[in-house]
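J.: First the structure, which I've put down as structure tokens, then a few questions once you've had a look.
The values are calculated or read from the model by the stated rules, or taken from the named source; none is laboratory data. Given the structure is predicted, the values throughout are model-derived calculations rather than measurements. Cβ placement follows ideal geometry from the backbone for every residue including glycine, while neighbour counts extend to all protein chains displayed. Only protein heavy atoms, including side chains, enter the accessible area calculation; ligands, DNA and RNA are left aside. Shrake-Rupley method; radii C 1.70, N 1.55, O 1.52, S 1.80 Å.
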Amino acid sequence: PWGFWLLCVASAPARGDSGSKARSCAEVRQLYGAKGFSLSGVPQAEISGEHLRICSQGYTCCTSEMEENFANKSRSEFEAMMKEAGRSVQATLTAQHRSFDSYFQDLLNKSEKTLYDAFPSMYGELYTQNVKVFKDLYSELRRYYRSSNINLEEALNEFWTRLLERLFKLMNPQYHITDEYLDCMVKHAEQHKPFGEVPRDLKVKATRAFIAARSYAQGFLVGSDVVKKVSQVSLSHECTRAIMKLMYCPHCRGMSSVRPCNNYCLNVVKGCLANQADLNSEWKYLMDSLSVVADRINGPYNVDTVIGTIHMRIAEAISNLQENKDSITAKVFQGCGNPKISTKGSSSEDKKRRGKVTLEAKSSAQALEMLVLDAKGNLTALKTYWITLPSSLCSKKVMSSSASDDKCWNGMTKGSYLPEVMGDGLANQINNPEVEVDITKPDMTIRQQIMQLKIMTNRLGNANIGNDVDFQDTSDDMSGSGSGDSCPDDVCGKRLSKSPSTRQPETHAIPKQSGHGINGASSRSLPSASLLLLLSVAVIAPQHLWR
């Protein structure tokens, strides 16, 4: 009799709620239907939960099919939360790129238009017979800005060479000047400086301005693309289970009105987004790098002055050539010999003496200053995006309770949540009580995006000191997660000028894994042990009575 009684007690499922009457499942039925699922087979009242694989196996309103559907739903909803958060960052970065790109293109367009409008009346045939030379220059400048594989210095040198050849022939129509003679003249051009100091000065300033502008614009696009790709990374199986337990298991337990504990939510999300948090260091470096280059664009490299006045510098160079035509021609003849007299006669253009031309350029410095201020404000706000994402999702999307709430959903029941909150990043999740994370297997998609951030930061660092580099970097392996914290504005330029290979990747010591419990397994082992003890007594007791 005693054995029979113990066996009955052991086989009866324990109820975590007061009262023996099964509670209604009206709330979960309403939620389940609202999520688009059929109510066929959904319990009207609580049933025994031994069939559950994710939620605790007490009395429940969820069948196996419902649990599976809720798990899939929680996965898709959490991934949607990630993409929505990412889209907000993408929109900010894309808007900054669009604003600067529009400003820069407008500067270039206005300079070109002014040249086309003013030069015909100012220079006559000197311009009209060489329109293509000017058009090709602006075309090359645009191609470079749009990241074409163009050497900007060579493009500018080619422009001045072609312009000098054309103008020299037009200003000396009485001579028959061959291509070989022009080659000789070009070789002496550096010595004679027919355009004065304009070509050298413009090359230095325009190169720096264009390198900075191009890298700055690219930086926003790379940042946006990284966020897009990382936001599309799928959740792991372990993360899906943890998210289900966080978001829908309380509904299965009849606790629809109980919000998740804040620290519990943080541990779940930090475990799920462990790899994403490893973007933090390189992401902050990129944001700081963009801010530093923004200061260069609005300061020493002064994009507004340099780009907006290209046409004026060209006019200045042509005027220098006109004013010094006789002395320059004499020097060329001295170095290359006298060319043959042409039988075509002199052009009327040769008889015209044009004075020094002064062109005006409307300054848009104030607009640039506003663009930079707005950009730097947004970059500062985005610096901590990856490590603040868990708390943002928990507070705004999952709607977790306050940190001091002791009547919240803790993953098992309504109460307080005792485990400490894990740190950020993959290495810190080794003891995460809510999500089983393999810290030895980083997500390769995210590691690739970390590398893209390093490459872009290196490019911005070179732009900061006026150097142009190819958009390539193979000096770092893809296993490192980056290191260090924020790059202060006053030293960021120095840090940026170094190759990423000089920065050692952060290494994480992996703690011993002995005694590590997964998903609170240790806390659930006690009921299992008690049940085994009761069953053992139930089996032994009849044997004792039989004897």
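J.: Is it fair to say S319 is of a type outside the set (A, V, I, L, M, F, W, C), at pLDDT 95 or above, open to solvent by less than 30 Å² (accessible area, probe 1.4 Å) and farther than 27 Å from Q429 by Cβ?
T.: Taking the combined requirement at face value, the residue does not satisfy it.
J.: Would you please name the residue that is modelled with the highest pLDDT, looking only at residues in region 117-146 that are among the small types (G, A, S) and assigned to a helix (DSSP H, G or I)?
T.: S139
Okay, residues lined up against (1) in a loop (DSSP other than H, G, I, E, B); (2) buried (at least 19 other Cβ atoms within 10 Å of the Cβ):
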position	(1), (2)
S402	yes, no
E420	yes, no
D424	yes, yes
E434	yes, yes
T440	yes, no
Q449	no, yes
N458	no, yes
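J.: Here is a check on your reading of the model: is Y216 surrounded by 21 or more Cβ atoms within 10 Å (Cβ to Cβ), among the hydroxyl-bearing types (S, T, Y) and within 30 Å of E420 (Cβ to Cβ)?
T.: In short, no.
J.: Only one of N267, N263 is assigned by the TED database to the domain that holds R214, surrounded by 24 or more Cβ atoms within 10 Å (Cβ to Cβ), out of contact with any helix residue (DSSP H, G or I) (no Cβ under 7 Å at 6 or more places or on another chain) and in a helix (DSSP H, G or I). Can you tell me which?
T.: Within the list N267, N263, the selection yields N267.
J.: Here is a further query. Scan A26, A80, A95, A12 and give me the residue that is modelled with pLDDT of 95 or more and among the aliphatic types (A, V, I, L, M).
T.: A95
J.: Here's something else I'd like to know. Search region 26-74 for residues being open to solvent by less than 30 Å² (accessible area, probe 1.4 Å) and part of a helix (DSSP H, G or I), and hand back the single one that is nearest to R241 (Cα to Cα).
T.: Per the stated criteria, the residue is A71.
J.: Right, here's the next one. Name, by its number, the condition in (1) open to solvent by 40 Å² or more (accessible area, probe 1.4 Å); (2) at pLDDT below 95 that does not hold for T388.
T.: Unmet condition: (2).
Residues are listed down the side, and each one gets a yes or a no for (1) under 24 Å from A375 (Cα atoms); (2) of a type in the set (A, V, I, L, M, F, W, C); (3) part of a helix (DSSP H, G or I); (4) open to solvent by 10 Å² or more (accessible area, probe 1.4 Å):
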residue	(1), (2), (3), (4)
L246	no, yes, yes, no
N275	no, no, yes, yes
P300	yes, no, no, yes
S327	no, no, yes, yes
G335	no, no, yes, yes
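J.: Also: Checking the condition surrounded by 22 or more Cβ atoms within 10 Å (Cβ to Cβ) and either over 33 Å from the mean Cα position of the chain (by Cα) or assigned to a helix (DSSP H, G or I) (or both), which residue from V258, V204, V230 passes?
T.: V230
J.: Applying the selection to region 103-146, what residues are open to solvent by 40 Å² or more (accessible area, probe 1.4 Å) and either closer than 19 Å to Y216 by Cβ or among the hydroxyl-bearing types (S, T, Y) (or both)?
T.: D106, N109, T114, Y116, S121, T128, S139, R143, R146
J.: Something else about it: Would region 124-142 turn up any residue that is of a type in the set (K, R) and within 30 Å of G461 (Cα to Cα)?
T.: Yes.
J.: Let me ask something else about it. Is it the case that region 176-197 has a residue that's buried (at least 17 other Cβ atoms within 10 Å of the Cβ), within 27 Å of the chain's Cα centre (by Cα) and in the same structural domain as V268 (by the TED database)?
T.: No, region 176-197 contains no residue that is buried (at least 17 other Cβ atoms within 10 Å of the Cβ), within 27 Å of the chain's Cα centre (by Cα) and in the same structural domain as V268 (by the TED database).
J.: Can you tell me which residues in region 75-86 are open to solvent by 40 Å² or more (accessible area, probe 1.4 Å) and either outside any helix (DSSP H, G or I) or within 11 Å of Q232 (Cα to Cα) (or both)?
T.: Listed by number, the residues that qualify are E79, A80, K83, E84.
J.: Right, another one. Kindly establish whether P250 is open to solvent by less than 10 Å² (accessible area, probe 1.4 Å), part of a helix (DSSP H, G or I) and either under 30 Å from F100 (Cα atoms) or outside the structural domain of E65 (by the TED database) (or both).
T.: It is true that P250 is open to solvent by less than 10 Å² (accessible area, probe 1.4 Å), part of a helix (DSSP H, G or I) and either under 30 Å from F100 (Cα atoms) or outside the structural domain of E65 (by the TED database) (or both).
J.: If we keep just the residues of region 147-172 that are out of contact with any Lys or Arg (no Cβ under 8 Å at 6 or more places or on another chain) and assigned to a loop (DSSP other than H, G, I, E, B), which is most open to solvent (accessible area, probe 1.4 Å)?
T.: Among those that are out of contact with any Lys or Arg (no Cβ under 8 Å at 6 or more places or on another chain) and assigned to a loop (DSSP other than H, G, I, E, B), it is N149.
J.: Given (1) within 30 Å of R98 (Cβ to Cβ); (2) without any contact (Cβ under 8 Å) to a residue 12 or more places away in the chain, where does E190 come up short, assuming only one miss?
T.: Failed condition: (1).
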